[in-house]
Amino acid sequence: MLNQAVAFHQAGNLTEAQRLYEQVLRIDPRSFPAQYQLALLLYQQQRPEALSAVDAALQLNPGSREALLLHGVLLMGRGQLEPALASISKVTAGNPRDLQAWHNRGVILTRLERFQDAVASFEQALAITPNAESWDGHGSALHLQKRLEEALRSFDNALVLAPRFIAALCHRGAVLADLKRYGDAVQAFEAALTLSPELFEAWSNRGSAFYEMERMTEALESYDRALALRPRHAPDWVNRGKALEVLERVDEAIASYDRALSIAPDNAEAWYARSLTLRSMHRFEEALANVDKALAIDPSARPALVQRAWLLCELNKVTEGLVIMAEAAGHAVKSGLVAGLPTSPHKQRHEIEQREYLAARGIAVRDGGYYFAEGNKLPGPAINPANIETAPAQWASREPRIAVIDNLLTEEALERLRRFCWDSTIWHKSYKDGYLGALPEQGFACPLLAQIAEELRDTFPAIIGDHRLRMMWGFKYDSTLKGIGIHADQAAVNVNFWITPDEANLNPDGGGLIVWDAAAPDDWDPAKYNGDESGIRAFLAQAGAKAVKVPYRANRAVIFDSDLFHETDDIEFNEGYLNRRINLTMLYGRRTYYGR
């Protein structure tokens, strides 16, 4: 009867097989083969009784490899990971050369976030017999530890053994995206889609890779394909909205966020993204209401805190904005996000100099603490109105587009901005060539900066036009080390200006900016025009490009087309904290990217 049941089972006649297994057990309740086969059949049917059936089998034969493996799989499916690990570990203890048990153990340990132990388990499986599944698991555990190059090698090994292994192709694409090799990531996802065109995850991740490459048309196509397969996946509706916003199809972007929120009303990212788009449409009150909803869901979200602060500044609620900005910077410090940023000897030296400077003014800041200086909006103008006519005339008469403006800020704005940059402990990002960065989410977002950004657009409409402020930062330089290398930016218009007093500059003919009269090619992605210095130099030489050298002057701005390659000129400034060269950059609009 048992043999008949097994035959029916193997032939796929599960109803008759189950009837006979149960009949055997009524005759012989201690028949382990019948009890185990019944548990296996119930598992294959995804029926919840499978767990109690395999428990009964283990009562009859506690050391059965097959029953312990099945027990572990069923417990893992229910999220009971520690008991699952205990069952699988009994198998490996009894037979250290059991490949399947070591593999399953690695899967469970990965889900338990014991990634190093998971890697060791997969390596035990691979030492027994190299196989694609264990290489894939090994790569996934390494990926979750951010060991990206090692993870990539593991997925490559899996694909050598099984070139059509879809999961490994997708996992490989995800690692390549984390390595910012977005073009290679797209190729991996497309290889998976060639094998399985209805693979939701591959379409979704392909969209994200294209988004990072600023190929928004292809990103949008990918998100649409993903949503056709899984229309209630709220994150892709959010991602789709972001792509549409970049394409300046703002009404469609809002509709996409609304779809996300109809599926997941508590999606903080959707409320935040919706707020950003509404702000770009100058619908500030609605944008504020949306970002408040995002913060109600996730009160500690720093980008949303900064966004709320900017919106309050737009609505002329300066004091509230300042409090929120300080809160955003403070949260970054208290949460350890700032402490976790890479440091360097020149950053450490700057922090010592700054603490000594503040202490001399009666402001005590401990190591790792922060101080947020006053950066309130001015009652009068921040941008000097004397340049209203001369700057647009320069812009219109020059090709490529470059305007040099002296005395950009009013004296009061310049002095207040210097004080904010000298006093505030916001210079957290360290670069190897000897300069420090201050970003909005780390405190570089006071109301005065908001006023300057808005007044630049309002004062020079012929230059900035309808482009919206997309990003801004400050850089502070060591007195002799290198500045920023040659690159282009992901924007339409760059506004670059300096605020350190002229007496600090030891070379009045240098220390400023070099702008080349050649733009980054349309088919170059951000990694190419921002990071491939040798490729850029070769392109400039081939194009016969010429450099426009703008010497450093305090309160001088250089406004130019963001597509133009540019770099910091040689720096030779006096030693001392107040002599450090400070450069501020505001980016307006988007670069005209390929694929748009």
Inset, instruction - Tell me, yes or no, whether the stretch 125-142 has at least one residue that is over 16 Å from ALA202 (Cα atoms), part of a loop (DSSP other than H, G, I, E, B) and within 20 Å of the chain's Cα centre (by Cα). - result: no
Inset, instruction - With respect to ALA518, determine if the residue is of a type outside the set (Val, Ile, Thr), over 30 Å from ARG416 (Cβ atoms) and buried (at least 16 other Cβ atoms within 10 Å of the Cβ). - result: yes
Legend entry - Filter result (within 25 Å of ALA462 (Cα to Cα), of a type in the set (A, V, I, L, M) and modelled with pLDDT under 95) within the stretch 356-385: LEU378
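Here is a yes/no grid of residues against (1) outside any loop (DSSP other than H, G, I, E, B); (2) touching a helix residue (DSSP H, G or I) at 6+ places or on another chain (Cβ under 9 Å); (3) among the hydroxyl-bearing types (Ser, Thr, Tyr):
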position: ARG349; (1), (2), (3): yes, no, no
position: GLY362; (1), (2), (3): no, no, no
position: VAL365; (1), (2), (3): no, yes, no
position: GLY369; (1), (2), (3): no, yes, no
position: ASN376; (1), (2), (3): no, yes, no
position: PRO381; (1), (2), (3): no, yes, no
position: ALA386; (1), (2), (3): yes, no, no
position: ALA391; (1), (2), (3): yes, yes, no
Inset, instruction - Can you give me the number of residues within the stretch 540-583 that are under 26 Å from GLU245 (Cα atoms) and aliphatic (A, V, I, L, M)? - result: 2
Inset, instruction - Kindly provide the set of residues from the stretch 428-470 that are within 25 Å of VAL250 (Cβ to Cβ) and acidic (Asp, Glu), ordered by number. - result: GLU441, GLU454, GLU455, ASP458, ASP466
Inset, instruction - Please work out which residue is modelled with the lowest pLDDT, limiting yourself to the stretch 521-564 and to residues that are buried (at least 18 other Cβ atoms within 10 Å of the Cβ) and among the small types (Gly, Ala, Ser). - result: SER562
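Do we have ASP466 as under 23 Å from THR390 (Cβ atoms) and in a loop (DSSP other than H, G, I, E, B) here?
When the stated conditions are applied, ASP466 passes them.
Under 27 Å from PHE560 (Cα atoms), surrounded by fewer than 18 Cβ atoms within 10 Å (Cβ to Cβ), at pLDDT 90 or above and charged (D, E, K, R): which single residue out of GLU353, GLU389 fits that description?
Numbers: GLU353 fails: under 27 Å from PHE560 (Cα atoms).
Just one listed residue meets the conditions, GLU389.
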Legend entry - Answer from ASP406, ASP433 - the residue that is touching a Lys or Arg at 6+ places or on another chain (Cβ under 8 Å), over 26 Å from LYS347 (Cα atoms) and either surrounded by fewer than 23 Cβ atoms within 10 Å (Cβ to Cβ) or at pLDDT below 85 (or both): ASP406
Inset, instruction - Please note which helices (runs of 4 or more DSSP H) are completely contained in the stretch 232-303 and include at least 3 residues that are acidic (Asp, Glu). - result: 250-263, 284-297
Legend entry - Residue in the stretch 97-113 that is under 30 Å from LEU152 (Cα atoms), without any contact (Cβ under 8 Å) to a residue 60 or more places away in the chain and over 39 Å from the mean Cα position of the chain (by Cα) present: yes
Inset, instruction - May I ask you to verify whether GLU245 is among the acidic types (Asp, Glu) and modelled with pLDDT under 95? - result: yes
Inset, instruction - Quick one: count up the residues across the stretch 188-216 that are modelled with pLDDT of 95 or more, out of contact with any Ser or Thr (no Cβ under 8 Å at 6 or more places or on another chain), farther than 15 Å from ALA273 by Cβ and not acidic (Asp, Glu). - result: 13
Inset, instruction - Could you pull out every one of the helices (runs of 4 or more DSSP H) wholly within the stretch 143-225 that has 1 or more residues that are in contact (Cβ under 8 Å) with a residue 40 or more places away in the chain and closer than 23 Å to ARG591 by Cα? - result: 182-195, 200-212
Legend entry - Per-region count, the stretch 135-171, residues farther than 19 Å from ARG181 by Cα, aromatic (Phe, Trp, Tyr) and out of contact with any Ser or Thr (no Cβ under 8 Å at 6 or more places or on another chain): 1
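The values are calculated or read from the model by the stated rules, or taken from the named source; none is laboratory data. What you are looking at is a predicted structure, and each value in this text was computed from that prediction instead of being measured. With ideal geometry, Cβ positions are generated from the backbone for all residues, glycine too; neighbour counts draw on all protein chains shown.
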